[in-house]
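The values are calculated or read from the model by the stated rules, or taken from the named source; none is laboratory data. Because the structure is a prediction, the values reported are computed rather than measured. Reconstructed Cβ throughout: ideal geometry from the backbone, glycine too, with neighbour counts over all protein chains shown. With ligands, DNA and RNA removed, areas are computed over all heavy atoms of the protein, side chains included. Shrake-Rupley method; radii C 1.70, N 1.55, O 1.52, S 1.80 Å.
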Amino acid sequence: MTDPADPGTPVLRLHQVTKTFGEFTALHGIDLEIREGEFLTIVGPSGSGKSTLIRLMVGMDELTAGEIWLRDQRIDQTPANERPTCMVFQSLALFPHMTVGRNIEFPLKIRGVSPDERRQRALELLQLLRLPDDYYDKQIGQCSGGEKQRVALARALAFDPEILFFDEPLSALDYRLRKTLEKELKDLHARTGKTFVYITHSLEEAMVMSDRIAIMRAGRFEQIAVADEIYARPVSRFVAEFMGEVNLFEVSLSASGEPASELLDINVSGGEYPWKNRDESGLLMVRPEFVRFLSASDTADFVVQGSLQDEYALGSRIQYEVVSSTGRRVTVEKLREDRYLGAPGDDVILGWDLEHTHLIAEA
Amino acid sequence: MERLHSRLGLFSALPMLVVLGLCFLAPLVVVAAFSVMPRKVFDLAHLPDFSAYLVFFQQGYYKPLFWSLGMALVSTVILFVVCWPLAFGMAKVFRRFTLVLTVAVVVSLFVSENIRLFGWVLTLMKGGLIEGHWRAFTGEGFESPLYKVPIIIFGLVYVYFPFMLFPLAQGIAMVPDDARQAASDLGASKWQILREIDLPLAAPGIVVGSLLSFVLAAGALAESKLLGGQTVIVIADSVETAFTYGQDWPLGSALSMVLILIIGAMAIFGISRVDLDAIIGRKR
């Protein structure tokens, strides 16, 4: 795993990559640098262009404009079969007429590796993916979903790619198996040291596995950063909402960056704000887990009053929905042991501190 | 429950099995019975002997059989090579134009085979459509390709074209696109994809198309008669002659049985190696 803070050596660079389908532009001049050995996850809703992007990177589609560089070699005109990259498909795309062993050996056979050497490597990969040796002769149709997943990974690793791409390979699996394989993938990344580029619409998958996350929307990157950064300091309303439950308040800003809102009671002492005032308005953001229920004597930098509308059990956490006097909903999340000891209908005071508050420039 | 299902299947298929038994198996049994009758008899009330089979070897009837099987084999190979790119286009590339092509090929079947072959005779004969026009413009004629073995094979390819094309297209349609893409992604060239992915996965279509074409071509008669002018005698010709001019039903039956056994063995061997359920779309 790479140090997310270290920019590292870029192994793949995309410069102004554009893809159009007739009148429709799927990708608008994408710039991206993928670092050697990192686990980068590209996340976005359906139709955001992430699958189109991965197909361009592996060479299955031609780009309309722009350049793709692998180290110091331009590869956007290189056909898929001549690129040193490889992809694990959403459908896995295993060859149904071949055994597990022959599937794994396929890229080696294509390169003309001798049968003995192929078999040896396939057995090593079975071991790496924690599949028993006797799976070598097993038919693909006899494997379970998770086993097929591992075979697809083993086949891709047999190719020994510079970069391994994943196109939502876990999306068809049930929750428990997905969770197991997420961890296995992360572990495999650490053990192989390869560069992994993963595509998913599941934020959870991205958060568990990635060094960096790139959020995509309508053919553009909204933000590329480490998971914590994106979660705590999103650059837009879209990213903030995409990364999970969030409370956003429109505020107007003074020249010193001091926010003002009819809804919020703001008591920041000293008036030192971590953000610079670039616009006259913005969105104040606080995640639900940082919002506290206050007693009459408690203080907080930001305070809002309302009544408790509802509560929902989310396993280890409880989510509360509070509606302010002006009808604004505020979401609060507490661990079960810190639950609010009251009932829906109660008048409540909510508060949070400046250190957990982030300003999004867009209003 | 499963037993009930399999019984329901049997009951549902029973009427069809009865019809097939009466219309297909019964005539076969009669032909088989006649093939072991003494020569030139017209009923089955005789002690069996194998004299008709002996004649097959003694009087050189294996030659027409070789011609039939040989020309059927060559035309099947040509059909496969010619139809593969077109079938591939129909299954993977042409999209809605596949329907146009399908209709165009099927419409040709609306005209009887003999009439279409006579059309080729008029086109290719000396003084016909091609040679006639050529001579009219250049003043020099050329020899007609008619009445030679290659033109018979051309006729077989022409007539049995749909019987190879459609099963092949069906077979190629069964090759998953992502498997082809994955193979390319893993470094395979177009030829390697053809060899490693397309051919094995389209095998049911290839086997069915090849069997249909081969079986029909091996029993074909009109091509050798009309286009070949009986340059070579095919086995179907010998069977017809034995039943009609020769008035030798046992010989005709014995010749038929030899052909049926050879083709039947090939068909069973071929079909046993493919997954017919896959090609009729019950599973993938």
Inset, instruction - Sort through B:LYS225, B:LYS190 and tell me the only one that's of a type in the set (D, E, K, R), out of contact with any strand residue (DSSP E or B) (no Cβ under 6 Å at 6 or more places or on another chain), open to solvent by 40 Å² or more (accessible area, probe 1.4 Å) and without any contact (Cβ under 8 Å) to a residue 12 or more places away in the chain. - result: B:LYS190
Inset, instruction - Take segment A:279-294 and flag every residue that is at pLDDT 90 or above and not basic (Lys, Arg). - result: A:LEU283, A:LEU284, A:MET285, A:VAL286, A:PRO288, A:GLU289, A:PHE290, A:VAL291, A:PHE293, A:LEU294
Legend entry - Hits in segment A:317-333 - residues which are at pLDDT 90 or above and among the polar types (S, T, N, Q): A:GLN319, A:THR331
Legend entry - Candidate set from segment A:177-223 (those that are more than 22 Å from A:THR9 (Cβ to Cβ) and basic (Lys, Arg)); member that is nearest to the chain's Cα centre (by Cα): A:ARG217
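Which members of segment A:72-85 meet the condition of being surrounded by fewer than 20 Cβ atoms within 10 Å (Cβ to Cβ) and within 10 Å of another protein chain (Cβ to nearest Cβ)? Reasoning before the result, please.
Of the residues in segment A:72-85, the ones surrounded by fewer than 20 Cβ atoms within 10 Å (Cβ to Cβ) are A:72-79, A:81-82, A:84.
Selection gives A:PRO79, A:ASN81, A:GLU82, A:PRO84.
B:ALA202: within 14 Å of chain A (Cβ to nearest Cβ) and within 27 Å of the chain's Cα centre (by Cα), yes or no? Reasoning before the result, please.
Numbers: within 14 Å of chain A (Cβ to nearest Cβ): yes; within 27 Å of the chain's Cα centre (by Cα): yes.
Here the answer is yes, as B:ALA202 does meet what is asked.
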Inset, instruction - Return yes when B:ALA218 is aliphatic (A, V, I, L, M), crowded, with 22+ Cβ neighbours inside 10 Å and away from chain A (no Cβ under 14 Å) and no when it is not. - result: yes
Inset, instruction - Among the residues of segment B:143-187, count how many are within 14 Å of chain A (Cβ to nearest Cβ), without any contact (Cβ under 8 Å) to a residue 24 or more places away in the chain and out of contact with any strand residue (DSSP E or B) (no Cβ under 9 Å at 6 or more places or on another chain). - result: 5
Inset, instruction - Given the conditions (1) β-branched (Val, Ile, Thr); (2) at pLDDT 90 or above; (3) farther than 26 Å from A:LEU27 by Cα, report the number of the one that A:ILE266 does not fulfil. - result: (2)
Legend entry - Scan of segment A:232-253 for residues that are part of a helix (DSSP H, G or I) and touching a Gly at 6+ places or on another chain (Cβ under 7 Å), ordered by number: none
Inset, instruction - Examine segment A:61-69 for a residue that is of a type outside the set (S, T, N, Q) and within 11 Å of chain B (Cβ to nearest Cβ), and state whether such a residue exists. - result: yes
Inset, instruction - For residues that are open to solvent by less than 80 Å² (accessible area, probe 1.4 Å) and of a type outside the set (Gly, Ala, Ser), tally how many sit in segment B:45-75. - result: 11
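Give me the helices (runs of 4 or more DSSP H) completely within segment B:144-261, filtered to those with at least 3 residues that are under 26 Å from B:VAL29 (Cβ atoms), ordered by residue number. Full working, then the answer.
Numbers: elements: B:149-173, B:177-185, B:190-193, B:203-218, B:235-243.
So the answer is B:203-218, B:235-243.
Looking at segment A:297-305, can you tell me whether even one residue there is open to solvent by 50 Å² or more (accessible area, probe 1.4 Å), among the β-branched types (Val, Ile, Thr) and farther than 24 Å from A:GLU280 by Cβ? Let's see the steps before the verdict.
Step one: list which residues in segment A:297-305 are open to solvent by 50 Å² or more (accessible area, probe 1.4 Å), which gives A:297-299, A:305.
Cutting the leftovers down to among the β-branched types (Val, Ile, Thr) gives us A:299.
Still in the list and also farther than 24 Å from A:GLU280 by Cβ: A:299.
Scanning segment A:297-305 turns up at least one residue that is open to solvent by 50 Å² or more (accessible area, probe 1.4 Å), among the β-branched types (Val, Ile, Thr) and farther than 24 Å from A:GLU280 by Cβ.
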Inset, instruction - Those residues that are closer than 20 Å to B:VAL215 by Cβ and surrounded by 13 or more Cβ atoms within 10 Å (Cβ to Cβ), I need them from segment B:24-44; list them, please. - result: B:LEU28, B:VAL31, B:ALA32, B:SER35
Inset, instruction - Please state which of the following conditions B:GLU196 fails to meet, knowing it meets all the rest: (1) away from chain A (no Cβ under 14 Å); (2) among the acidic types (Asp, Glu); (3) open to solvent by less than 40 Å² (accessible area, probe 1.4 Å). - result: (1)
Inset, instruction - Identify the single condition in (1) part of a strand (DSSP E or B); (2) closer than 29 Å to A:MET207 by Cα; (3) in contact (Cβ under 8 Å) with a residue 12 or more places away in the chain; (4) open to solvent by 40 Å² or more (accessible area, probe 1.4 Å) that A:TYR312 does not satisfy, given that it satisfies every other one. - result: (3)
Inset, instruction - Identify all residues within segment A:86-120 that are over 17 Å from A:GLY141 (Cα atoms), within 14 Å of chain B (Cβ to nearest Cβ), open to solvent by 70 Å² or more (accessible area, probe 1.4 Å) and in a helix (DSSP H, G or I); write none if there are none. - result: A:LYS109
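Tell me which helices (runs of 4 or more DSSP H) are completely within segment B:67-141 and hold 2 or more residues being in contact with an Asp or Glu (Cβ under 8 Å, 6 or more places away or on another chain), or say none if there are none. Quick ask: steps written out before the conclusion?
Values: elements: B:97-108, B:113-124, B:129-138.
So the answer is B:113-124.
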Inset, instruction - Determine whether segment A:324-343 contains at least one residue that is in contact with a helix residue (DSSP H, G or I) (Cβ under 9 Å, 6 or more places away or on another chain) and in a loop (DSSP other than H, G, I, E, B). - result: no
Inset, instruction - Search segment A:159-177 for residues that are more than 13 Å from every other protein chain (Cβ to nearest Cβ) and pair each with any residue that is part of a helix (DSSP H, G or I) and not acidic (Asp, Glu) when their beta-carbon atoms are under 6 Å apart and the residues are at least 6 apart or on different chains. - result: A:LEU170/A:ARG178; A:LEU170/A:LEU181; A:LEU173/A:GLY145; A:LEU177/A:GLY146
Inset, instruction - Please specify each residue of segment A:334-363 satisfying the condition of being modelled with pLDDT under 90 and of a type in the set (Lys, Arg). - result: A:ARG339
